[in-house]
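Take a look at the structure set out below.
Coordinate-derived values only; no laboratory data. Every value quoted in this text rests on a predicted model; they were computed, and no experiment measured them.
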Amino acid sequence: MKQDDYLLNQIDLLGKVLAKIIEQLLKRKTNNEIFEVSEVTIQISEKEAPITIAELLELSNDELIEFLISHQFQLNHFEKMGELFHLLSNESTHRFNCLNKSLTLYNYVHTHSTTYSSERINRIRKIEEEITRNDLH
């Protein structure tokens with residue numbers, strides 16, 4: 001039985017080490033630390049340097065769509081990117097811009113996808129409501 005306890009302790013220790021490594025990779029000190037838009041990067045391709053979300057926020061909506069298309073992003077990538085912008089809008093000083101980019105990406109997916117998604121439509125409505133609230137301006 002002592003051997004089982006030893007193995008469980010080693011597994012627990014390994015879990016703690018992995019958690020620490022993940023925290024360092026994400027550059028987070030605590031679970032409550034907020035992602036800074038300037039620190040979140042996306043690797044576009046193996047040959048190109050990663051691009052930050054802050055750099056994407058500087059693009060106009062049309063330029064963002066063109067950029068993603070030119071780098072062979074698929075519709076599911078557009079949707080995930082829209083989700084990322086929406087999540088960042090909750091914790092960012094760039095709230096309006098993040099919501100605007102999120103809405104643009106979700107609308108692009110909605111108009112170009114051959115699959116109907118009520119969940120996507122609900123997300124679009126929710127983001128539109130958040131944008132039109134007076135506290136954003």
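Data table
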| quantity | calculated |
| --- | --- |
| Table column - 3J(HN,Hα) (Hz), segment 116-132, Karplus curve with 6.51, -1.76, 1.60, x for Gly and Pro | 7, 9, 5, 5, 5, 4, 5, 5, 4, 4, 4, 5, 4, 5, 5, 5, 7 |
| Karplus-derived 3J(HN,Hα), 6.51/-1.76/1.60, for each residue of segment 70-86, Hz, glycine and proline x | 5, 9, 6, 5, 9, 4, 5, 5, 4, 5, 5, 5, x, 5, 4, 4, 5 |
| 10 Å binning of all Cα-Cα separations within segment 36-136, expressed as whole percents from 0 upward | 15, 50, 30, 5, 0 |
| Amide H partners (placed H, <5 Å) of Ile44, local residues excluded | Ile51 |
